[in-house]
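Below you'll find the structure I mean.
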Amino acid sequence: MVPTSQPLSNVVPVTVIFTAPGSPGLPFNQALIVGNSPVINSVTTRLQVYTSLTAIIQAGFVNTDPEYLAAEIYFGQSPAPFYLWIGRQDLTAIGAATPAVTPAKTVTVGNNSGTGYVVGNTFSIGGVTGSLVEVATVSGGGVVTGLTLLAGGQGATVTNNIATTNVTGAGTALTVDVTVIGSTGGTGFLVGDIVNVTQVGASGGQLAVSTISAGGVVTGLTTVTGAQGTSYTVAAGLVATGGTGTGLEVDITSVGETPLQAVQACRAAQALWYCCMFVGSHQDASPTTNADHEAIAGYIEAAYPASQYFYTDGSTATLNGVSTSLPGTLQALSYRRSNGTYSTTQGGNAPNNIYACAAPMGLAMGLNTGSAGSYFAMAYKQMIGVIAEPLTQTQAQNISGTATRTFNGLNCNTVVDYAFGAYLSELDYGMQASGNFFDEILQLDMLANNIQTTVFNHFATAQSVPITNAGTTLIANLIIQCCLNSQQIGFIAPSGTWQGITVGFGTKQQIEAGDPLPQGFAVYIPPVLTLSLQQLANRQMPAATVLLIEASSGLSQAISIYVQP
């Protein structure tokens, strides 16, 4: 007989609980190229990720497409990046639309203006629901020469000759040409209603009601991300259906997304890309306008999640260091997330140089592995696939400034040869428009994202987060671990002396200029007793402050040689 045995769980019960892992945070080694190739469907896909040029070709791009040519430079860097997103600018999308308003309805006399009519006769138009037309003027014999639309309707084909149905008039045989017809802003709509826009020969698109007036009359519309159509006539009255209201007519005032709208749509569709560039027109590979660059740069500057914008500029104004050039404008705005490369086609000898900014973008994404010791600077790295500019020293300094940063130029980057070709296609100097270095913004974005994700995961997974000094100590330790990771990459210095502002509470706990930071960083969270009653009622933790000293990367070195014969 086998002896019975009592389970240990009677004394030490152990329960295994599988919990969902916290978010790992965002990657910072993926970039986006936006073009308008129809290979990507802007409605169903908007953007697609690729890991090689072969995959791009297999997707349907050809090797003359701007997206491919920019990707060729991007993937051509050493080390090569792993991921590239390609996004779609939809040139058939509804760019802007407004509710049609009276008197935006036009009905003109057709080929047969009938006889026997008098001013004031009213008619409905055959096939147009809810229409009401009034005779405005007549000639001899009661021939109609002018009409006024009293009420709208829907279903008419633009410029189609349509017969009328007599309502109050005594005349006969009148036909009209409907050039624009429909209701005005409709009635019964709510903010947020989605309406479909249709037109003969068009695939249609979607708009959202943004503002209304009394009675649910639509007074404002916005384009739904991904809305598209074809053959829209600018300012043509289009019937809109859907939502909770009826009778809305829309005037399409522009067709096609702007570069900014395309980038915004790509961000709304995907959060994984960190850097982006725009390749211009798919038809002729013409550069994007300065206004487009400025609009995208302004958006990226404040966009969430953190991103960076790369652009190429080859203007004479930039060559001469003019402050009103594109780099000069972004410099004046102190944009920290805009990275420009001066590059030209050199009279057609370097046609792909219009995509030159894909090189630093690709190299940065290839170098940024996030592993120990992976910190890098962009200065003097070779830009593979970009032909260096034949610049004089003055021209180079107009654009990029000096290596000592005693003169900033336009804080734009150049691709130049050094030592008569001994060093080919080197990047000067990896600057942002603001004068910050690219690597500094990148590493701070990575650290901020790591801290944000780590602390949020703590809030999301902990059963509770006590508002006590012990609770804040735990959060401080989480932030410290993030700083240690950044230090392991090589961004935070191993030690140093703080020279910044005074931080802390009371003389015993504050850090001020001249104090050592033996770890290269410090995390300060004030005591819980400093919280107000309102903050405690709102369950706010004391605000944390992180002080850090960058390890940085050298850009220039002065050397003196003393010789004694």
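Mind checking which residues of the range 343-359 are open to solvent by 10 Å² or more (accessible area, probe 1.4 Å) and closer than 11 Å to Ala388 by Cα?
Answer for the range 343-359, where residues must be open to solvent by 10 Å² or more (accessible area, probe 1.4 Å) and closer than 11 Å to Ala388 by Cα: Thr344, Thr345, Gln346.
Scan the range 441-461 for residues that are within 27 Å of Ala396 (Cβ to Cβ) and open to solvent by 50 Å² or more (accessible area, probe 1.4 Å) and report the count.
Looking only at that region, the number is 0.
Within the range 46-82, which residues are surrounded by fewer than 17 Cβ atoms within 10 Å (Cβ to Cβ) and within 22 Å of Asn368 (Cβ to Cβ)?
Residues satisfying the conditions are Val49, Thr51, Ser52, Ala55, Ser78, Pro79, Ala80, Phe82.
Among the listed residues Leu84, Leu69, which satisfies the condition of being at pLDDT 90 or above, closer than 30 Å to Ala265 by Cβ and part of a strand (DSSP E or B)?
Exactly one residue qualifies, and that residue is Leu84.
Please go through (1) touching an Asp or Glu at 6+ places or on another chain (Cβ under 7 Å); (2) modelled with pLDDT under 95 for Thr45 and return the number of the only condition it doesn't satisfy.
(1)
Let's see how each residue does on (1) assigned to a helix (DSSP H, G or I); (2) over 23 Å from Ala71 (Cα atoms); (3) touching a residue at least 12 places away in the same chain (Cβ under 8 Å):
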position: Glu301; (1), (2), (3): yes, yes, yes
position: Ala317; (1), (2), (3): yes, yes, no
position: Thr324; (1), (2), (3): no, yes, no
position: Gly328; (1), (2), (3): yes, yes, yes
position: Ser334; (1), (2), (3): no, yes, yes
position: Asn339; (1), (2), (3): no, no, yes
position: Gln346; (1), (2), (3): no, no, yes
position: Pro360; (1), (2), (3): yes, no, yes
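Continuing with this model, one more query. Does Ala236 satisfy the condition of being farther than 24 Å from Leu132 by Cα and at pLDDT below 70?
no
So, in the range 415-440, of the ones that are assigned to a helix (DSSP H, G or I) and surrounded by fewer than 18 Cβ atoms within 10 Å (Cβ to Cβ), which residue ends up modelled with the highest pLDDT?
Glu440
Here's another thing I want to ask about it. (1) touching a strand residue (DSSP E or B) at 6+ places or on another chain (Cβ under 7 Å); (2) part of a helix (DSSP H, G or I); (3) of a type outside the set (Ser, Thr, Tyr); (4) without any contact (Cβ under 8 Å) to a residue 60 or more places away in the chain: which one isn't true of Ala476, the others all being true?
Evaluating Ala476 over (1) touching a strand residue (DSSP E or B) at 6+ places or on another chain (Cβ under 7 Å); (2) part of a helix (DSSP H, G or I); (3) of a type outside the set (Ser, Thr, Tyr); (4) without any contact (Cβ under 8 Å) to a residue 60 or more places away in the chain leaves (4) as the failure.
Being hydroxyl-bearing (Ser, Thr, Tyr) and out of contact with any strand residue (DSSP E or B) (no Cβ under 9 Å at 6 or more places or on another chain) narrows it down to one of Thr345, Thr312, so name that one.
Of Thr345, Thr312, the one residue that is hydroxyl-bearing (Ser, Thr, Tyr) and out of contact with any strand residue (DSSP E or B) (no Cβ under 9 Å at 6 or more places or on another chain) is Thr345.
Looking at Ala396, Ala388, Ala403, which is the one that is surrounded by 13 or more Cβ atoms within 10 Å (Cβ to Cβ), part of a helix (DSSP H, G or I) and not acidic (Asp, Glu)?
Checking each option against the conditions leaves just Ala396.
Only one of Thr225, Thr175, Thr168 is of a type in the set (Val, Ile, Thr), touching a Gly at 6+ places or on another chain (Cβ under 9 Å) and either modelled with pLDDT under 70 or part of a strand (DSSP E or B) (or both). Can you tell me which?
Thr175
Out of (1) within 24 Å of Leu367 (Cβ to Cβ); (2) outside any loop (DSSP other than H, G, I, E, B); (3) free of Cβ contacts under 8 Å to residues at least 60 places away in the same chain; (4) open to solvent by 60 Å² or more (accessible area, probe 1.4 Å), what's the single condition that is false for Gln488?
(3)
Could you tell me which residue of the range 508-565 is least open to solvent (accessible area, probe 1.4 Å), considering only residues that are of a type in the set (Asp, Glu) and part of a loop (DSSP other than H, G, I, E, B)?
Asp515
Among the listed residues Gly362, Gly373, which satisfies the condition of being open to solvent by 30 Å² or more (accessible area, probe 1.4 Å) and not β-branched (Val, Ile, Thr)?
Within the list Gly362, Gly373, the selection yields Gly373.
The values are calculated or read from the model by the stated rules, or taken from the named source; none is laboratory data. The model shown is predicted, which means the values in this text are computed figures rather than measured ones. Cβ atoms come from the backbone with ideal geometry, glycine included; neighbour counts cover every protein chain shown. Only protein heavy atoms, including side chains, enter the accessible area calculation; ligands, DNA and RNA are left aside. Shrake-Rupley method; radii C 1.70, N 1.55, O 1.52, S 1.80 Å.
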